Amino acid sequence: MRPFASTISLEEARRRLDAAVRPIARVERVRLDEAAGRIAAADVVSPIDVPPFARSAMDGYAVVAADTRGASRDAPARLRLLDRIYTGRLSTETVVAGACAEIATGAPLPAGADAVVMVEESGRPNDREVEIFAEAHAGQNVGRRGGDIAAGDRVIDGGDLLTASRVGALAAVGCADASVFAKPRVAILSTGNEVIEPGEPLPPGHIYDVNRFTLAAIATAHGGAPESRRAAEDTVPALVAALDACAAADLIVFSGGSSVGERDLVVDAIAARGEMIFHGIAVRPGKPTAFAMVGGTPFFGMPGNPTSCLSNAYILLVPFLRALARLPPHAPRTVRVRLGRRIASAVNRHQFYTVALKDGVAQPAFKGSGDITSLSRADGYIEIPADQSVVEEGAIVTVTLF
Ligand code: AMP
Ligand code: MG
């Protein structure tokens, strides 16, 4: 057994991770249908006016506003009906003084007209004439050409997160695809002779691989493209070969083999191929977490225990991956509630303690670092700083929700 030389604080670990992250530079084009949630790699300038033509904002009558001066229900303006204009068709008529055209919402305003009177303010005494019951002013109910976006306007800034509405802006100016930053390729690999792929028979002394799936789920949810590998054996050559196989990734995440048991060989594999940035953090769970650079590629060595692994994935991997992917920082929701039972915490370790919310009270849910149900049965966690050893029953705590 080789003990930890020392652990670093959570704050120091975060500082070193922040210093190591290089936001992805690779760019790709994606179809607009796949652009939501991606980060724009360049400004987008509109080649067209939106709307591309002056259009009616109402179902009603396109008129010359001056013709409606003084119009009321008692003294309607009477106009000659020239045309019926539906969407997608230009009228060949010109609306001259004393005339009007029926027009649908979204249809092009005919030449000569400068206002639309909504249908509710009109009457139809006969087939050829229209009565207008209210005065219209020029521009009324007319969507001006380029009023939304003018040709040459910037609709997207490089670095923008493409939300549903920004994808909509791209569609409005006719873009069929978008230039976005590539999703970081995240190579995910479990280590351990005992680790078996779910779906396969479970020989005695073996367990199913949990971490590969929790880590892939995290990677997908936070802008990464996970690439899962089969679990590697606990030998230095096997781990070095596994590292080499991940050379094309933007981020490598191993789990297991990162603590101080004699079979915990990730440290040796890193010594052979890269530079350790830290190994051992004063957090609980998740102390045996390593971070290294392997030939320019960042490497996380997560603990094998599923709860430790996932807890540190939330706390350390998510911020790192989001920065790598150029996503805005994750802002998990928090709630302030009463604690249902006293919690004793390890001194000198920043503890993440999972809780389940029941009837507005936070009930401790942490079983052990090895138990996935410590997380899967929890709604979130509370943090207990390194210098605090106990949180009393009834205390108001801040729960960060998953
Ligand atoms: P290690 O960090 O390799 O010493 O593993 C600590 C504990 O986590 C051991 O009980 C392992 O069997 C278990 N473990 C390691 N990797 C995984 C995994 N991928 N899925 C589930 N449990 C694991
Ligand atoms: Mg192991």
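The values are calculated or read from the model by the stated rules, or taken from the named source; none is laboratory data. Just so you know, these numbers come straight off a predicted model, no measurement behind them. Neighbour counts run over all protein chains shown; Cβ positions are idealised from the backbone, glycine included.
Overview of values
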item	result
Residue that is in contact (Cβ under 8 Å) with a residue 24 or more places away in the chain and within 16 Å of ligand 1 (Cβ to nearest atom), where the choices are Val210, Val155, Val142, Val173	Val210
Subset of the stretch 145-182 (residues that are under 13 Å from Val45 (Cα atoms) and hydroxyl-bearing (Ser, Thr, Tyr))	Ser179
Strands (runs of 3 or more DSSP E) wholly inside the stretch 1-117 that include at least 2 residues being at pLDDT 95 or above and among the charged types (D, E, K, R)	27-31, 77-85
Qualifying residue in the stretch 210-228 (condition: modelled with pLDDT under 95, in the same structural domain as Ala272 (by TED's automatic domain parsing) and of a type outside the set (Val, Ile, Thr))	yes
Every residue from the stretch 244-270 that is assigned to a strand (DSSP E or B) and in contact with a Lys or Arg (Cβ under 9 Å, 6 or more places away or on another chain)	Leu251, Ser255
Checklist (1) closer than 30 Å to Thr297 by Cα; (2) touching a strand residue (DSSP E or B) at 6+ places or on another chain (Cβ under 8 Å); (3) among the β-branched types (Val, Ile, Thr); (4) away from ligand 1 (no atom under 16 Å from the Cβ) applied to Ile196, failing item	(4)
Residue match in the stretch 271-282 (condition: assigned to a loop (DSSP other than H, G, I, E, B) and either within 29 Å of the chain's Cα centre (by Cα) or among the acidic types (Asp, Glu) (or both))	no
Verdict on Ala247 being under 27 Å from the mean Cα position of the chain (by Cα), without any contact (Cβ under 8 Å) to a residue 40 or more places away in the chain and under 22 Å from Pro226 (Cβ atoms)	no
Candidates Ile85, Ile103, Ile24, filtered to the one that is among the aliphatic types (A, V, I, L, M), touching a helix residue (DSSP H, G or I) at 6+ places or on another chain (Cβ under 9 Å) and surrounded by 13 or more Cβ atoms within 10 Å (Cβ to Cβ)	Ile24
Some residue of the stretch 385-399 being surrounded by 20 or more Cβ atoms within 10 Å (Cβ to Cβ), within 28 Å of Gly256 (Cβ to Cβ), in contact with a strand residue (DSSP E or B) (Cβ under 8 Å, 6 or more places away or on another chain) and not assigned by TED's automatic domain parsing to the domain that holds Thr289	no
Single residue of the stretch 245-259 satisfying the filter (away from ligand 1 (no atom under 16 Å from the Cβ) and in contact with a helix residue (DSSP H, G or I) (Cβ under 9 Å, 6 or more places away or on another chain)) that is nearest to Phe300 (Cα to Cα)	Leu251
Tally, over the stretch 173-211, of residues that are of a type outside the set (Phe, Trp, Tyr), over 17 Å from Thr307 (Cα atoms) and outside any loop (DSSP other than H, G, I, E, B)	8
Residues located in the stretch 250-293, provided they are β-branched (Val, Ile, Thr), more than 11 Å from ligand 2 (Cβ to nearest atom) and surrounded by 20 or more Cβ atoms within 10 Å (Cβ to Cβ)	Ile252, Val253, Val267, Ile270, Ile281, Val283, Thr289
Residues satisfying the stated conditions in the stretch 276-296, i.e. touching a Gly at 6+ places or on another chain (Cβ under 8 Å) and of a type in the set (A, V, I, L, M)	Ala290, Ala292, Met293, Val294
Test for Ala219: is it surrounded by fewer than 22 Cβ atoms within 10 Å (Cβ to Cβ) and either outside any strand (DSSP E or B) or touching a Gly at 6+ places or on another chain (Cβ under 7 Å) (or both)	no
Some residue of the stretch 9-31 being more than 25 Å from the chain's Cα centre (by Cα), within 30 Å of Val318 (Cα to Cα) and among the hydroxyl-bearing types (Ser, Thr, Tyr)	yes
Within the stretch 180-198, considering residues that are under 30 Å from Arg38 (Cα atoms) and not hydrophobic (A, V, I, L, M, F, W, C), the one nearest to ligand 2 (Cβ to nearest atom)	Ser190
Residues located in the stretch 199-224, provided they are touching a strand residue (DSSP E or B) at 6+ places or on another chain (Cβ under 9 Å) and either within 13 Å of ligand 2 (Cβ to nearest atom) or closer than 17 Å to Phe299 by Cβ (or both)	His206, Ile207, Asp209, Val210, Asn211, Arg212, Leu215, Ala216, Ile218, Ala219, Gly224
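Each row is one residue, and each column tells you yes or no for (1) within 20 Å of Gly380 (Cβ to Cβ); (2) at pLDDT 95 or above; (3) more than 16 Å from ligand 1 (Cβ to nearest atom); (4) under 24 Å from the mean Cα position of the chain (by Cα).
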| position | (1), (2), (3), (4) |
| --- | --- |
| Gly286 | yes, no, no, no |
| Phe300 | no, yes, no, yes |
| Cys309 | yes, yes, no, yes |
| Pro319 | yes, yes, yes, yes |
| Arg322 | yes, yes, yes, yes |
| His330 | yes, yes, yes, yes |
| Arg349 | yes, no, yes, no |
| Lys358 | yes, yes, yes, no |
